[in-house]
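As structure tokens, the structure follows; a few thoughts come after it.
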Amino acid sequence: MQIYLLLVACLAGAAWSKSVQEVEDVLQALREALADVGGNSGLGKRTEGKTAEIKVSENGVVFAEQISFDDVNRCETLHVPAHNSRLEADIRHCFNEGKSLYCFPTEKACFLLNMEDEGEPDLNGQEEGIEQFEKQKEDVLDATTVDIQPNQWAITGKAERSDLSESLANFEADFPVFFAAKLPEDAVILPSSDDEPDEKDKRLIRGCSNGAIPQRMYAATNPGGCEYLVFCDRPPGTTDSTCPRRHVTDTFFMSCLCCPGTTRWQDCLYCNDLTCNFGCNSG
């Protein structure tokens, strides 16, 4: 209430002996100031664009992860530069929708993920974790002290941005979006290889020798990305909390149909890289 009265007194004084237009300008300023004080314009809430930074030291490489929180739409946005074997990644987690968009600028593709499958900590816990991290004035986060959470995803289909919320649909809007689902625990993963199959290695028959039944296997489409999380885990109804750190790696796989014993995706009967079906990045 004292703030309201102070604003009214100051602006009323400013309006004394002014023209009609000048008085209207003062009144508009008063309306905007009161809206801010009343909380109608999101006072006290972070909006997209206010960014925190976490410096990470990983295998001799130091890089800065950028994190911003949008409390109005309840979204978190991260930019992780390329480092070591991981690609540059732009990631947006939207907690109201329970969905994330995981985008690779160099690959020009985004993947739509279920946050429940990601194991993403809640938004408030991550904001508190960042605040605690900043208060500790820790210059660089040592990756060797952080727990690793590997996520593996199978690309399952093409998604439409028109079906997404505005916060997700407008994120990296020029890139196509693909559905991705968590790989089953018993998935057979073929070793990564950039080698193209030789002509003599390409199978010209349908099916496997000796009548063996083909099985589904998976091969990575790119080196994937990662993010470092700093969050506080506060049990319900308590004031105590721990603030662990987590290194989440995300790798995306295409589905292949292969004969038993196959050790290279190039030797499979069929592999479907959906990202290429809709246009691969030519560099």
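Of note:
- The amide H of Phe111, built 1.01 Å from its N in the peptide plane, has Tyr102, Cys103, Phe178 as neighbours under 5 Å, considering only residues 5 or more places off or on other chains.
- Label-to-label distance, nm, for residues given as Thr156 and Asn59 (7 Å Cα→Cβ offset): 3.0 nm
- Modelled this way, with points 7 Å down the Cα-to-C-beta line, the labels at Cys276 and Asp139 are 4.6 nm from one another.
- The distance between label points at Ile213 and Glu185 comes to 2.2 nm (points 7 Å beyond Cα on the Cα→Cβ vector).
- With a 1.4 Å probe rolled over the protein heavy atoms of all chains, the accessible area of Lys55, Lys158 falls in the order Lys55, Lys158, largest first.
The values are calculated or read from the model by the stated rules, or taken from the named source; none is laboratory data. No experiment lies behind these values; they were computed from the predicted model shown. Backbone-built Cβ (ideal geometry, glycine too); neighbour counts: all protein chains shown. Each accessible area value is taken on the protein alone, full model and side chains, heavy atoms only, with ligands, DNA and RNA left out. Shrake-Rupley method; radii C 1.70, N 1.55, O 1.52, S 1.80 Å.
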